[in-house]
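Reviewing the structure listed below.
The values are calculated or read from the model by the stated rules, or taken from the named source; none is laboratory data. Just so you know, these numbers come straight off a predicted model, no measurement behind them. Glycine also receives a Cβ, built like all others from the backbone with ideal geometry; neighbour counts cover every protein chain displayed.
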Amino acid sequence: MFKLSAEGLNYVQSELTRYETKQSAIIRCLYRAQDENGGWVSNDVINALSEAMAIPAPQIEEVATFYTMFNRKPVGKYHIQVCCTLTCGMMGGRELLALMMKEAGVKEMGEVSKDGLFTFSKVECLGSCDTAPMLQINREPYTENLTFEKGLKLVQDLRTKGGKLESQISKEL
Amino acid sequence: MAEVKYLSEHYDKKEYRSLEGYKKHGGYEQLPKALKMEAAKIIDEVKAAGLRGRGGAGFPCGMKWGFLPNNGEPRYLLCNADESEPGTFKDRVMMERAPHQLIEGMLIAAFAVKSHKAYIYIRGEYTGPAMILKQALAEAKAAGYIGKNILGSGFDCDIDLFIGAGAYICGEETGLISSLEGYKGQPKLKPPFPAVQGYLRKPTIVNNVETLASVVNIIRDGAQAYRKYGTEKSPGTKLFSISGNVNKPGTYEVPLGYKLMDLINNECGGMKPGRSLKAVIPGGSSAPVLTAKECENASMDYECIASLGSMLGSGAVIVIDDSNCMVDVLSTISHFYHHESCGQCTPCREGTGWVEKIIHSIVHGHGKAGDVDLLIKVADNMKGRTICALADAAALPVTSFVTKFRGEFEYFVANRKSMVKPNGANLGDAHVH
């Protein structure tokens, strides 16, 4: 059963009064709860937020299902989101995604690798077309100007280093 | 005339990101000037400058501001930083390199439209720019540019950051408002337009990042000087996002009316060795594609691109060379629109799905005779029948790709392989769902 941490509950309380209506705080609170739940929004997460925010669960669920950055299924420690739209598609994004998935040992998108480290998604235009192909890991700043070699090395490095990310920017937003 | 660094003059200086660096190069000098002006005078100046919305529609900014009713209700100013149109990335560059330019522009705009609360709605994936903006907003607050009684003028204005969570449709202004209100980002019927009933049904102005940043220079130089750049009907400069098969993709600021081929050959260093130009999408994925021949005399202003049957849009130029299969390129665009349709209107929800299915089957060698005509028919039935412009945005590339490169589509259906990439390498969206 998911429960928000004490700091998480405080965060929710402060966000509730940040905007004109408390409804507007749903996205931020979902991000926070998703982080606390290891990167995905379970039904328990929605119920916990519903209680903390005093907003009916279906209203939170509709936000969680509408926006792509909320994962409704478990993801690996590194959720690697490869852009495949238009320019990235032309510049090798789709092939890069397939190669990286193979290297990480996953067959399907959305699947968690056996070591728990990787999940891959094909995402739509991330607004970095001049540095195609490119990707985003979790909610970190972009990894750009990729080649197949760089993509493979990225998977290997994340695996061998225990995959420490340089920053944890999303925690500060 | 070549590249003009009018808005982007100091973008190459790292210090420009900070309040101190921004001020060193003339930043926050226009805000006190504007605060001493009559609000109506600022709107007149923006109208006289002929500034057109840089988000995609090109709607005259001053006119939009003039639509606000005088009913005493609180007004909101929303900066649209959702930048999600495939091919577009210039707002990201502006926010990363000059966050205070945007903030100063927003404060001047808020004063002009008498708004005391403004939001920057930034797409959720832009965590890098959002961190920079968060820092810049804190700096501006600490320095007294944001908050109560700004610079002793008696004008109050707060600016907060709102972070989205991944949805193209939130770049549509009423979708953005729904999202800001805490709901699914589904667009609303217009009228009422946001200027009359927007955020929380209060009068609301939604402007793009580049539009708001441009206001600073208009106040600095005046409308007439601003018009020194660009054309009569498309005044000023514009930041173009250029991507695809050119040697130097990137963001380039040029006067509106600049020749497309000069942009490609001069600023972007031309095509890759041994390759020739096949097509250009001149204004983001929604804009009808132009053939190489149509590009020859194209100039980058709203009127010229419209006269070629396309749109200048957000200024996202996607350059496509002869190594690309147009059926394949369209397949990623059609997947995008199907994925991003909010599902509210049937012609869009179903139409984008059918278009994707048909192209997907062609790309995988299962195309049937009549599929090419069927694509055009489905696209035609999507146009002009929905609450927002997403269905049209999805249909326009289909019609233009199929009409202008029909031979490639017919060949693919008949031969079950690409005319350009007969071996099928790098082809097709192997990972559609």
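Structure data summary
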{"quantity": "Every residue from region B:13-58 that is hydrophobic (A, V, I, L, M, F, W, C), in a helix (DSSP H, G or I) and within 25 Å of the chain's Cα centre (by Cα)", "calculated": "B:Ile42, B:Ile43, B:Val46, B:Ala48, B:Ala49"}
{"quantity": "Filtered residues of region B:238-252 (kept if within 14 Å of chain A (Cβ to nearest Cβ) and either closer than 28 Å to B:Ile218 by Cα or within 18 Å of the chain's Cα centre (by Cα) (or both))", "calculated": "B:Leu239, B:Phe240, B:Ser241, B:Ile242, B:Ser243, B:Gly244, B:Pro249, B:Gly250, B:Thr251, B:Tyr252"}
{"quantity": "Pairs where the first residue, in region B:158-182, is buried (at least 24 other Cβ atoms within 10 Å of the Cβ) and the second is acidic (Asp, Glu) and in a helix (DSSP H, G or I), C-beta under 8 Å, 6+ apart", "calculated": "B:Ala167/B:Glu340; B:Tyr168/B:Glu340; B:Ile169/B:Glu340"}
{"quantity": "Residues of region B:59-75 that turn out to be surrounded by 20 or more Cβ atoms within 10 Å (Cβ to Cβ) and in a loop (DSSP other than H, G, I, E, B), as a count", "calculated": "2"}
{"quantity": "From A:Ala25, A:Ala48, residue being free of Cβ contacts under 8 Å to residues at least 60 places away in the same chain and under 25 Å from B:Gln186 (Cα atoms)", "calculated": "A:Ala25"}
{"quantity": "Qualifying residue in region B:308-328 (condition: without any contact (Cβ under 8 Å) to a residue 40 or more places away in the chain and surrounded by fewer than 22 Cβ atoms within 10 Å (Cβ to Cβ))", "calculated": "yes"}
{"quantity": "Count - residues of region B:330-379 that are of a type in the set (Val, Ile, Thr), more than 20 Å from B:Ala167 (Cβ to Cβ) and in contact with a Pro (Cβ under 9 Å, 6 or more places away or on another chain)", "calculated": "0"}
{"quantity": "Within region B:314-371, tally of residues that are touching a Leu at 6+ places or on another chain (Cβ under 8 Å), more than 14 Å from chain A (Cβ to nearest Cβ) and among the aliphatic types (A, V, I, L, M)", "calculated": "2"}
{"quantity": "From B:Ala130, B:Ala167, residue being within 26 Å of A:Pro58 (Cα to Cα) and within 14 Å of chain A (Cβ to nearest Cβ)", "calculated": "B:Ala167"}
{"quantity": "Condition met for A:Met109 (part of a loop (DSSP other than H, G, I, E, B) and out of contact with any strand residue (DSSP E or B) (no Cβ under 9 Å at 6 or more places or on another chain))", "calculated": "no"}
{"quantity": "Pairs where the first residue, in region B:39-65, is on the phi > 0 side of the Ramachandran plot and the second is basic (Lys, Arg), C-beta under 7 Å, 6+ apart", "calculated": "B:Gly50/B:Arg227; B:Gly58/B:Arg52"}
{"quantity": "Test for A:Glu20: is it more than 16 Å from A:Phe70 (Cβ to Cβ), of a type in the set (Asp, Glu) and within 10 Å of chain B (Cβ to nearest Cβ)", "calculated": "yes"}
{"quantity": "Region B:203-246: number of residues that are touching a residue at least 60 places away in the same chain (Cβ under 8 Å) and in a helix (DSSP H, G or I)", "calculated": "16"}
{"quantity": "Per-region count, region A:122-154, residues charged (D, E, K, R), touching a Cys at 6+ places or on another chain (Cβ under 7 Å) and more than 9 Å from chain B (Cβ to nearest Cβ)", "calculated": "0"}
{"quantity": "Single condition A:Thr87 does not satisfy, out of (1) at the interface with chain B (Cβ under 9 Å from one of its Cβ atoms); (2) part of a strand (DSSP E or B); (3) not hydrophobic (A, V, I, L, M, F, W, C)", "calculated": "(2)"}
{"quantity": "Within region B:92-202, helices (runs of 4 or more DSSP H) holding 3 or more residues that are aliphatic (A, V, I, L, M) and closer than 17 Å to B:Lys64 by Cβ", "calculated": "B:99-113"}
{"quantity": "Subset tally (residues that are within 13 Å of chain A (Cβ to nearest Cβ) and over 24 Å from B:Ser334 (Cβ atoms)) for region B:81-97", "calculated": "8"}
{"quantity": "Hits in region B:183-198 (condition: at the interface with chain A (Cβ under 8 Å from one of its Cβ atoms) and either crowded, with 24+ Cβ neighbours inside 10 Å or touching a strand residue (DSSP E or B) at 6+ places or on another chain (Cβ under 8 Å) (or both))", "calculated": "B:Gly185"}
{"quantity": "Region B:201-221, residues that are surrounded by fewer than 22 Cβ atoms within 10 Å (Cβ to Cβ) and touching a Pro at 6+ places or on another chain (Cβ under 9 Å)", "calculated": "B:Arg201, B:Lys202"}
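For every residue, the table says whether it meets (1) at pLDDT 95 or above; (2) surrounded by 23 or more Cβ atoms within 10 Å (Cβ to Cβ).
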{"site": "A:Ala98", "(1), (2)": "yes, no"}
{"site": "A:Val106", "(1), (2)": "yes, no"}
{"site": "A:Glu111", "(1), (2)": "yes, no"}
{"site": "A:Gly116", "(1), (2)": "no, no"}
{"site": "A:Thr119", "(1), (2)": "yes, yes"}
{"site": "A:Thr131", "(1), (2)": "yes, no"}
{"site": "A:Pro141", "(1), (2)": "no, no"}
{"site": "A:Gly162", "(1), (2)": "no, no"}
